1. About the Cα centre, and with charges only on the beta carbon of Lys, Arg (+1) and Asp, Glu (-1), how big is the dipole of the range 254-311? Nearest 20 debye, please.
2. Could you state the angle between the C-alpha long axis of helix 108-122 and the longest principal axis of the C-alpha atoms of the chain, as a value from 0 to 90 degrees rounded to the nearest 10?
3. Report the local net charge at D234: Lys and Arg +1, Asp and Glu -1, summed over other residues whose C-beta lies under 10 Å from its C-beta.
4. Of all accessible surface on the range 222-320 at a 1.4 Å probe, what whole percent is carbon and sulfur?
5. Picking from V244, G32, F189, whose Cα lies most toward the positive end of the charge dipole for the chain (charges on Cβ: Lys, Arg +1; Asp, Glu -1)?
6. How many Å² of accessible area per residue for the range 178-238, probe 1.4 Å?
7. Which value in nm describes the separation of the simple spin-label points at Q108 and R50, placed 7 Å from the Cα toward the beta carbon?
8. Counting Lys and Arg as +1 and Asp and Glu as -1, each charge on the Cβ, what is the dipole of the chain about the Cα centre in debye, to the nearest 20?
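The values are calculated or read from the model by the stated rules, or taken from the named source; none is laboratory data. Fair warning: this is a prediction, and the values are worked out from it, not measured in the lab. Positions of Cβ are generated from backbone atoms using ideal geometry, with glycine treated the same way; all protein chains shown enter the neighbour counts. Areas reflect the complete protein model, heavy atoms only, side chains present, ligands, DNA and RNA absent. Shrake-Rupley method; radii C 1.70, N 1.55, O 1.52, S 1.80 Å.
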Amino acid sequence: MTSPKTLIEAVRFYGDLDHCQAVMIEARWPKGVTCPTCGARDPRYIATRRLWECKTRHPRRQFTAKVGTIFEDSPLGLDKWLPAVWMIANCKNGISSHELGRSLGVTQKTAWFMLHRIRLAMQTGTFMKQMKGRVEADETFIGGAARFMHKDKKVARARGNLGGMAGKTAVMGLLERHGPDKTSVVRAFVVPTHRRTDVDPLVRSNVKPGSEVITDALRSYDRLADEYAHKVIDHAETYVRGHVHTNGIENFWSLLKRAIKGTYVSVEPFHLFRYVDEQVFRFNDRRDPDGDGGRFAKVLRSVVGRRIDYKTLTGKLATA
(Lines give C-alpha, C1' and ligand atoms only; values in the text may rest on other atoms or scores of the structure.)
Protein backbone atom coordinates (compact mmCIF):
# COMPACT_ATOMS: atom_id res chain seq x y z
CA MET A 1 0.00 0.00 0.00
CA THR A 2 1.19 3.52 -0.75
CA SER A 3 1.22 6.20 1.94
CA PRO A 4 -2.32 6.42 3.46
CA LYS A 5 -4.53 9.39 2.67
CA THR A 6 -7.61 8.60 4.77
CA LEU A 7 -8.18 7.37 8.32
CA ILE A 8 -9.31 3.91 7.25
CA GLU A 9 -6.19 3.54 5.09
CA ALA A 10 -4.04 4.75 7.99
CA VAL A 11 -5.50 2.18 10.39
CA ARG A 12 -4.81 -0.63 7.91
CA PHE A 13 -1.36 0.64 6.97
CA TYR A 14 -0.10 1.27 10.51
CA GLY A 15 -1.49 -2.03 11.74
CA ASP A 16 1.70 -3.51 10.26
CA LEU A 17 4.71 -2.93 12.54
CA ASP A 18 7.10 -3.11 9.59
CA HIS A 19 5.23 -0.24 7.93
CA CYS A 20 5.32 1.71 11.20
CA GLN A 21 9.06 1.25 11.55
CA ALA A 22 9.70 2.23 7.94
CA VAL A 23 7.70 5.45 8.42
CA MET A 24 9.60 6.29 11.62
CA ILE A 25 12.95 5.68 9.92
CA GLU A 26 12.00 7.96 7.04
CA ALA A 27 10.80 10.70 9.40
CA ARG A 28 13.66 10.43 11.90
CA TRP A 29 16.65 9.23 9.88
CA PRO A 30 16.12 10.27 6.24
CA LYS A 31 19.88 9.91 5.59
CA GLY A 32 20.20 6.54 7.32
CA VAL A 33 19.85 5.18 10.85
CA THR A 34 22.32 6.61 13.38
CA CYS A 35 22.93 5.77 17.03
CA PRO A 36 21.01 8.26 19.23
CA THR A 37 23.73 8.01 21.90
CA CYS A 38 26.97 8.51 19.95
CA GLY A 39 25.74 9.36 16.45
CA ALA A 40 27.59 6.46 14.82
CA ARG A 41 26.28 5.41 11.42
CA ASP A 42 25.53 1.92 10.10
CA PRO A 43 24.45 0.19 13.34
CA ARG A 44 23.72 -3.53 13.26
CA TYR A 45 20.00 -4.36 12.78
CA ILE A 46 18.50 -7.24 14.78
CA ALA A 47 15.42 -8.18 12.76
CA THR A 48 13.97 -10.64 15.28
CA ARG A 49 13.61 -7.86 17.87
CA ARG A 50 13.14 -4.89 15.52
CA LEU A 51 16.00 -2.93 17.06
CA TRP A 52 19.50 -1.77 16.26
CA GLU A 53 22.80 -2.26 18.08
CA CYS A 54 25.61 0.26 17.80
CA LYS A 55 28.96 -1.22 16.84
CA THR A 56 30.75 1.16 19.22
CA ARG A 57 30.92 0.02 22.84
CA HIS A 58 29.05 2.37 25.18
CA PRO A 59 25.96 2.30 27.46
CA ARG A 60 22.60 1.86 25.73
CA ARG A 61 24.07 0.36 22.58
CA GLN A 62 20.74 -1.18 21.62
CA PHE A 63 17.93 1.13 20.57
CA THR A 64 14.61 1.14 18.74
CA ALA A 65 12.92 3.78 16.61
CA LYS A 66 11.10 4.99 19.76
CA VAL A 67 14.24 5.85 21.77
CA GLY A 68 14.66 9.58 22.30
CA THR A 69 11.11 10.39 21.18
CA ILE A 70 7.75 11.02 22.84
CA PHE A 71 7.09 7.27 22.39
CA GLU A 72 10.07 6.13 24.51
CA ASP A 73 9.39 3.80 27.45
CA SER A 74 5.81 3.27 26.31
CA PRO A 75 4.68 -0.38 26.37
CA LEU A 76 2.39 0.38 23.43
CA GLY A 77 3.65 -0.37 19.94
CA LEU A 78 3.85 2.05 17.05
CA ASP A 79 0.79 0.34 15.59
CA LYS A 80 -1.23 2.17 18.28
CA TRP A 81 0.84 5.33 18.49
CA LEU A 82 0.78 6.27 14.81
CA PRO A 83 -3.02 6.03 14.37
CA ALA A 84 -3.31 8.20 17.51
CA VAL A 85 -0.99 10.79 15.96
CA TRP A 86 -3.04 10.69 12.77
CA MET A 87 -6.33 11.31 14.57
CA ILE A 88 -5.26 14.21 16.79
CA ALA A 89 -3.33 15.89 13.97
CA ASN A 90 -6.20 15.72 11.50
CA CYS A 91 -9.43 15.91 13.53
CA LYS A 92 -10.49 19.56 13.30
CA ASN A 93 -12.04 19.62 16.77
CA GLY A 94 -9.56 17.23 18.39
CA ILE A 95 -10.30 13.82 19.84
CA SER A 96 -11.12 13.05 23.46
CA SER A 97 -9.20 10.54 25.54
CA HIS A 98 -12.36 8.45 25.98
CA GLU A 99 -12.89 8.23 22.23
CA LEU A 100 -9.22 7.47 21.54
CA GLY A 101 -9.19 4.83 24.26
CA ARG A 102 -12.19 3.05 22.75
CA SER A 103 -10.71 3.28 19.24
CA LEU A 104 -7.31 1.84 20.22
CA GLY A 105 -8.43 -0.58 22.93
CA VAL A 106 -6.56 1.15 25.77
CA THR A 107 -7.75 2.74 29.01
CA GLN A 108 -8.88 6.36 29.18
CA LYS A 109 -5.92 7.21 31.42
CA THR A 110 -3.47 5.74 28.91
CA ALA A 111 -5.15 7.59 26.03
CA TRP A 112 -5.02 10.87 28.00
CA PHE A 113 -1.29 10.45 28.56
CA MET A 114 -0.77 9.57 24.88
CA LEU A 115 -2.60 12.68 23.71
CA HIS A 116 -0.54 14.98 25.92
CA ARG A 117 2.69 13.44 24.68
CA ILE A 118 1.57 14.02 21.09
CA ARG A 119 0.59 17.62 21.94
CA LEU A 120 4.17 18.12 23.08
CA ALA A 121 5.32 17.28 19.54
CA MET A 122 2.72 19.69 18.14
CA GLN A 123 4.14 22.66 20.03
CA THR A 124 5.72 25.24 17.76
CA GLY A 125 8.38 26.14 20.31
CA THR A 126 10.23 29.45 20.26
CA PHE A 127 9.11 31.85 17.54
CA MET A 128 12.24 33.19 15.85
CA LYS A 129 10.59 35.20 13.06
CA GLN A 130 8.42 38.17 13.96
CA MET A 131 5.03 38.77 12.39
CA LYS A 132 4.65 41.68 10.02
CA GLY A 133 2.18 43.40 7.72
CA ARG A 134 -1.31 43.54 9.19
CA VAL A 135 -1.56 41.78 12.54
CA GLU A 136 -4.69 41.32 14.64
CA ALA A 137 -4.34 41.17 18.42
CA ASP A 138 -7.10 40.05 20.73
CA GLU A 139 -7.77 38.16 23.93
CA THR A 140 -10.40 35.73 25.16
CA PHE A 141 -11.31 33.86 28.32
CA ILE A 142 -11.60 30.10 28.70
CA GLY A 143 -13.58 28.51 31.51
CA GLY A 144 -16.90 27.13 32.64
CA ALA A 145 -20.06 29.16 33.13
CA ALA A 146 -20.92 30.05 36.70
CA ARG A 147 -24.20 28.11 36.62
CA PHE A 148 -22.28 24.86 36.10
CA MET A 149 -19.76 25.45 38.89
CA HIS A 150 -19.57 23.48 42.12
CA LYS A 151 -21.07 25.28 45.12
CA ASP A 152 -17.63 25.93 46.66
CA LYS A 153 -16.35 27.47 43.42
CA LYS A 154 -19.41 29.70 43.19
CA VAL A 155 -18.65 31.03 46.65
CA ALA A 156 -15.00 31.62 45.72
CA ARG A 157 -16.12 33.38 42.53
CA ALA A 158 -18.45 35.66 44.48
CA ARG A 159 -15.57 36.58 46.80
CA GLY A 160 -13.25 37.24 43.84
CA ASN A 161 -10.83 34.47 44.81
CA LEU A 162 -10.80 32.57 41.50
CA GLY A 163 -8.64 35.07 39.64
CA GLY A 164 -8.93 36.12 36.01
CA MET A 165 -12.38 37.08 34.73
CA ALA A 166 -14.81 35.33 37.07
CA GLY A 167 -12.48 32.35 37.40
CA LYS A 168 -11.73 32.05 33.69
CA THR A 169 -8.23 31.81 32.18
CA ALA A 170 -7.05 34.55 29.82
CA VAL A 171 -5.61 33.64 26.42
CA MET A 172 -4.00 36.25 24.16
CA GLY A 173 -3.66 35.75 20.40
CA LEU A 174 -1.95 37.34 17.40
CA LEU A 175 -2.96 36.68 13.79
CA GLU A 176 -0.85 37.71 10.81
CA ARG A 177 -3.09 38.21 7.81
CA HIS A 178 -2.12 36.53 4.54
CA GLY A 179 1.47 35.49 5.29
CA PRO A 180 4.13 34.49 2.73
CA ASP A 181 2.02 31.55 1.46
CA LYS A 182 -1.17 33.67 1.45
CA THR A 183 -2.42 31.89 4.57
CA SER A 184 -3.07 33.68 7.85
CA VAL A 185 -1.09 32.31 10.78
CA VAL A 186 -1.80 32.60 14.48
CA ARG A 187 0.12 32.55 17.74
CA ALA A 188 -1.65 32.17 21.08
CA PHE A 189 -0.46 32.36 24.67
CA VAL A 190 -2.04 31.66 28.05
CA VAL A 191 -1.52 34.84 30.11
CA PRO A 192 -2.12 35.67 33.79
CA THR A 193 -4.42 38.62 32.96
CA HIS A 194 -5.43 40.81 30.01
CA ARG A 195 -3.76 43.85 31.54
CA ARG A 196 -1.13 45.92 29.74
CA THR A 197 1.74 44.38 31.70
CA ASP A 198 0.88 40.95 30.29
CA VAL A 199 -0.29 41.60 26.70
CA ASP A 200 1.82 44.58 25.60
CA PRO A 201 5.19 42.75 25.87
CA LEU A 202 3.81 39.81 23.84
CA VAL A 203 2.84 42.10 20.98
CA ARG A 204 6.24 43.82 20.97
CA SER A 205 8.22 40.57 21.08
CA ASN A 206 6.20 38.86 18.33
CA VAL A 207 5.36 41.68 15.90
CA LYS A 208 7.94 43.59 13.86
CA PRO A 209 8.04 47.34 14.61
CA GLY A 210 6.35 49.39 11.91
CA SER A 211 3.66 46.80 11.26
CA GLU A 212 -0.03 47.62 11.39
CA VAL A 213 -1.58 46.22 14.57
CA ILE A 214 -5.36 46.01 14.77
CA THR A 215 -7.02 45.61 18.17
CA ASP A 216 -10.33 46.25 19.90
CA ALA A 217 -10.79 49.16 22.29
CA LEU A 218 -9.15 47.43 25.26
CA ARG A 219 -6.95 50.02 26.99
CA SER A 220 -4.15 47.49 27.49
CA TYR A 221 -3.12 48.18 23.86
CA ASP A 222 -3.12 52.00 24.17
CA ARG A 223 0.67 52.40 24.08
CA LEU A 224 1.33 50.42 20.91
CA ALA A 225 1.22 53.55 18.75
CA ASP A 226 4.85 54.38 19.64
CA GLU A 227 6.16 51.48 17.49
CA TYR A 228 3.22 50.39 15.34
CA ALA A 229 0.47 51.75 13.12
CA HIS A 230 -2.17 51.00 15.73
CA LYS A 231 -5.76 50.79 14.44
CA VAL A 232 -8.65 50.34 16.89
CA ILE A 233 -12.12 48.91 16.25
CA ASP A 234 -14.59 49.70 19.03
CA HIS A 235 -17.04 46.79 19.21
CA ALA A 236 -19.52 48.97 21.05
CA GLU A 237 -19.95 50.92 17.78
CA THR A 238 -19.18 48.48 14.95
CA TYR A 239 -17.33 45.28 14.19
CA VAL A 240 -15.87 46.12 10.76
CA ARG A 241 -14.54 49.37 9.31
CA GLY A 242 -12.88 48.64 6.00
CA HIS A 243 -9.92 46.36 6.71
CA VAL A 244 -9.98 47.29 10.40
CA HIS A 245 -11.49 44.35 12.26
CA THR A 246 -10.46 41.40 14.44
CA ASN A 247 -12.65 38.81 12.73
CA GLY A 248 -9.66 36.61 11.84
CA ILE A 249 -8.51 36.02 15.40
CA GLU A 250 -12.16 35.80 16.53
CA ASN A 251 -12.56 32.93 14.08
CA PHE A 252 -9.63 31.16 15.75
CA TRP A 253 -11.20 31.68 19.18
CA SER A 254 -14.42 30.04 17.95
CA LEU A 255 -12.46 26.99 16.73
CA LEU A 256 -10.55 26.77 20.02
CA LYS A 257 -13.69 27.01 22.15
CA ARG A 258 -15.55 24.55 19.96
CA ALA A 259 -12.80 21.99 20.56
CA ILE A 260 -12.65 22.61 24.30
CA LYS A 261 -16.40 22.78 24.95
CA GLY A 262 -17.46 20.18 22.42
CA THR A 263 -14.66 17.61 22.58
CA TYR A 264 -12.62 18.01 25.75
CA VAL A 265 -15.49 19.43 27.88
CA SER A 266 -13.36 20.11 30.97
CA VAL A 267 -9.79 21.44 30.75
CA GLU A 268 -7.75 22.33 33.80
CA PRO A 269 -6.05 25.77 33.58
CA PHE A 270 -2.79 23.95 34.39
CA HIS A 271 -3.00 22.13 31.03
CA LEU A 272 -4.77 24.77 28.95
CA PHE A 273 -1.65 25.89 27.08
CA ARG A 274 -1.26 22.37 25.66
CA TYR A 275 -4.75 22.46 24.12
CA VAL A 276 -4.08 25.96 22.79
CA ASP A 277 -0.86 24.74 21.13
CA GLU A 278 -2.77 21.83 19.59
CA GLN A 279 -5.33 24.12 17.99
CA VAL A 280 -2.65 26.58 16.83
CA PHE A 281 -0.88 23.71 15.06
CA ARG A 282 -3.99 22.57 13.20
CA PHE A 283 -5.00 26.14 12.30
CA ASN A 284 -1.62 27.12 10.88
CA ASP A 285 -1.37 23.88 8.87
CA ARG A 286 -5.01 23.74 7.79
CA ARG A 287 -4.08 23.87 4.09
CA ASP A 288 -1.84 20.78 4.38
CA PRO A 289 -3.15 17.31 3.47
CA ASP A 290 -3.92 14.72 6.13
CA GLY A 291 -1.32 12.16 5.06
CA ASP A 292 2.01 12.19 3.26
CA GLY A 293 3.76 15.55 3.56
CA GLY A 294 0.94 16.99 5.66
CA ARG A 295 0.10 17.46 9.33
CA PHE A 296 0.74 13.82 10.28
CA ALA A 297 4.24 13.87 8.76
CA LYS A 298 5.01 17.21 10.42
CA VAL A 299 4.14 15.87 13.87
CA LEU A 300 6.29 12.76 13.30
CA ARG A 301 9.28 14.93 12.40
CA SER A 302 8.88 16.71 15.75
CA VAL A 303 8.71 13.71 18.10
CA VAL A 304 12.49 13.48 18.62
CA GLY A 305 13.99 15.12 21.70
CA ARG A 306 10.63 15.81 23.32
CA ARG A 307 9.68 13.68 26.29
CA ILE A 308 7.52 14.08 29.34
CA ASP A 309 6.75 11.56 32.06
CA TYR A 310 3.44 11.11 33.83
CA LYS A 311 4.56 12.64 37.15
CA THR A 312 5.81 15.79 35.45
CA LEU A 313 2.68 16.04 33.34
CA THR A 314 0.38 15.82 36.34
CA GLY A 315 2.46 18.21 38.44
CA LYS A 316 3.64 15.57 40.91
CA LEU A 317 7.24 16.18 39.85
CA ALA A 318 8.54 19.66 39.08
CA THR A 319 10.05 20.18 35.64
CA ALA A 320 13.79 20.78 35.39
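1. Numbers: 13 positive and 8 negative charges, 20 e Å.
Computed about the Cα centre, the dipole is about 100 debye.
2. Taking Cα atoms only, the helix is inclined about 80 degrees.
3. Within the 10 Å Cβ shell, the charges total -1.
4. Numbers: 2660 of 5490 Å².
Here carbon and sulfur together make up 48 percent of the probe-accessible area.
5. Final value for the positive-end residue is G32.
6. Per-residue value: 54 Å².
7. With each label point 7 Å from Cα toward Cβ, the separation is 2.9 nm.
8. My answer is approximately 860 debye.
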